[in-house]
Amino acid sequence: MANTKISWTDKSWNPISGCSKVSDGCKNCYAEVMAKRLQAMGIKGYENGFEVTEHWERLTEPYYWKKPNKIFVCSMGDLFHESVSDSMIVEVFKVMRNNPLHTFQLLTKRTGFILIDSPEQVWTDNIWLGVTIENEKNVLRL
């Protein structure tokens, strides 16, 4: 968890880190550069660099934040990456639902892995989804 200087959010929460390039919008990925830097610095949680990694120990973090926050979920990865286990996605959604004080902001380029109507993945008003559409070729993500 970290406070952030991103104008549209207050904190970042990374129960997942790492990703792989899926489109032109991934060309200059800041998270990849940052993960490699954190790995080189020996920062816990980035031993795998930018390989997709599930951080189960981070699931409880939002429960400790007592003031309402806008939280960028997986700023260092993509929750809907094909390598993320279904059980991790289910647990992340449980945490978000159990913390209605906060607004959780998800961004993805992998709309094919979002289960809008799944009983395991319940969307509540405090869970916001953004889809990256970096060019006309990827408008179908919408």
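Computed values, structure above
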item: Number of the exception - Val84 against (1) open to solvent by 40 Å² or more (accessible area, probe 1.4 Å); (2) closer than 18 Å to Ser17 by Cβ; result: (1)
item: Residue within the range 47-56 that is in a strand (DSSP E or B) and either under 18 Å from Thr124 (Cβ atoms) or open to solvent by 10 Å² or more (accessible area, probe 1.4 Å) (or both) present; result: yes
item: Residue in the range 2-22 that is of a type in the set (A, V, I, L, M), at pLDDT below 95 and under 15 Å from the mean Cα position of the chain (by Cα) present; result: yes
item: Test result for Lys36, among the basic types (Lys, Arg), without any contact (Cβ under 8 Å) to a residue 24 or more places away in the chain and not in a helix (DSSP H, G or I); result: no
item: Tally, over the range 95-114, of residues that are part of a helix (DSSP H, G or I) and either buried (at least 17 other Cβ atoms within 10 Å of the Cβ) or at pLDDT 95 or above (or both); result: 3
item: Pairs where the first residue, in the range 131-142, is surrounded by fewer than 16 Cβ atoms within 10 Å (Cβ to Cβ) and the second is outside any loop (DSSP other than H, G, I, E, B) and among the acidic types (Asp, Glu), C-beta under 9 Å, 6+ apart; result: Glu134/Asp24; Asn135/Asp24; Lys137/Asp24
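The rows are residues; the columns are (1) in contact with a Lys or Arg (Cβ under 8 Å, 6 or more places away or on another chain); (2) small (Gly, Ala, Ser); (3) surrounded by 13 or more Cβ atoms within 10 Å (Cβ to Cβ); (4) on the phi < 0 side of the Ramachandran plot.
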site: Ala2; (1), (2), (3), (4): yes, yes, no, yes
site: Ser23; (1), (2), (3), (4): yes, yes, yes, yes
site: Lys27; (1), (2), (3), (4): yes, no, no, yes
site: Pro68; (1), (2), (3), (4): no, no, yes, yes
site: Val73; (1), (2), (3), (4): no, no, yes, yes
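The values are calculated or read from the model by the stated rules, or taken from the named source; none is laboratory data. Because the structure is predicted, anything quoted here is derived from the model rather than measured. With ideal geometry, Cβ positions are generated from the backbone for all residues, glycine too; neighbour counts draw on all protein chains shown. Surface areas here come from the heavy atoms of the whole protein model, side chains and all, with no ligands, DNA or RNA. Shrake-Rupley method; radii C 1.70, N 1.55, O 1.52, S 1.80 Å.
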